[in-house]
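To start, the structure itself, in structure tokens.
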Amino acid sequence: MLSHAARLALVLSTLAVAMSPVQAQTAPPIKPGLWEIKSEREVDGKKAADPGEQIKNLPPDVRAKVEAMMKEKGVGMGEGGMNRICLSRESLDKGQWQGESDNCKTEFSSRSTNGWKWHSVCTKPDSESDGEAVFTNNENYIVKTHTKTKVQAQDRLTRMTIHAKWMGSECGDIKPVQPGR
């Protein structure tokens, strides 16, 4: 059985994988600024616990460290699976609108103004994923990923759906996701 800290690390790494594979030379057709992100996860066919709820149950000092680490990476932690990220024009122009992707190699099977489809292979954590982004308009998009990750020599299958809504051009105290981080 995994410890609470190990489960939390797995949840956060799964979230990072789901958010990381989309890197392209072409900017996505969305606005820069503050985005509200709602994620839903299913692990091995079962609805997964909300990472925000798991973080809320950590000891206060550990919770503060996790929230500070996520904020440093450009993620403002929220309630009920709702988080906020800041996307600068630079992040979008570099194609890094879904977070870090230094450890992933991504190949796109299609890319249009309405949607992108891709396959990614990542080394940290060791995973493979297929994803699709649907751009409803420049203020709303949905990303769906199906990821296979090795966890303690066992395959873990994760499906994630991310609904994103543009909140405005100002990000407040949330740092923009930085290209190449």
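Since every read-out is calculated from the coordinates, none of them should be taken as a lab result. In this text the structure is predicted, and so the values were computed from the model without any measurement. As a convention, Cβ positions derive from the backbone with ideal geometry for all residues, glycine included, and neighbour counts pool all protein chains shown.
Among Ile85, Ile174, which comes first, second and so on when ranked by fewest other beta-carbon atoms within 10 Å?
The fewest-first ordering by Cβ neighbours comes to Ile174, Ile85.
Asn114 to Val62: FRET efficiency via 1/(1 + (r/R0)^6), r the Cβ-Cβ distance, R0 41 Å, to the nearest 0.05?
Plugging the Cβ-Cβ distance into 1/(1 + (r/R0)^6) gives 0.45.
For Lys71, which lysines qualify as cross-link partners when the Cα separation must be under 21 Å and same-chain residues fewer than eight apart are set aside?
List returned: Lys31, Lys38, Lys56, Lys94, Lys124, Lys165, Lys175.
Work out the FRET efficiency for Met69 and Asn137 from their Cβ-Cβ distance, taking R0 = 35 Å, and round it to the nearest 0.05.
Rounded to the nearest 0.05, the efficiency is 0.60.
Subtract the Cα-Cα distance of Lys165 and Thr26 from 0.36 nm times their separation in residues, and report this length gain in nm to one decimal.
48.0 nm
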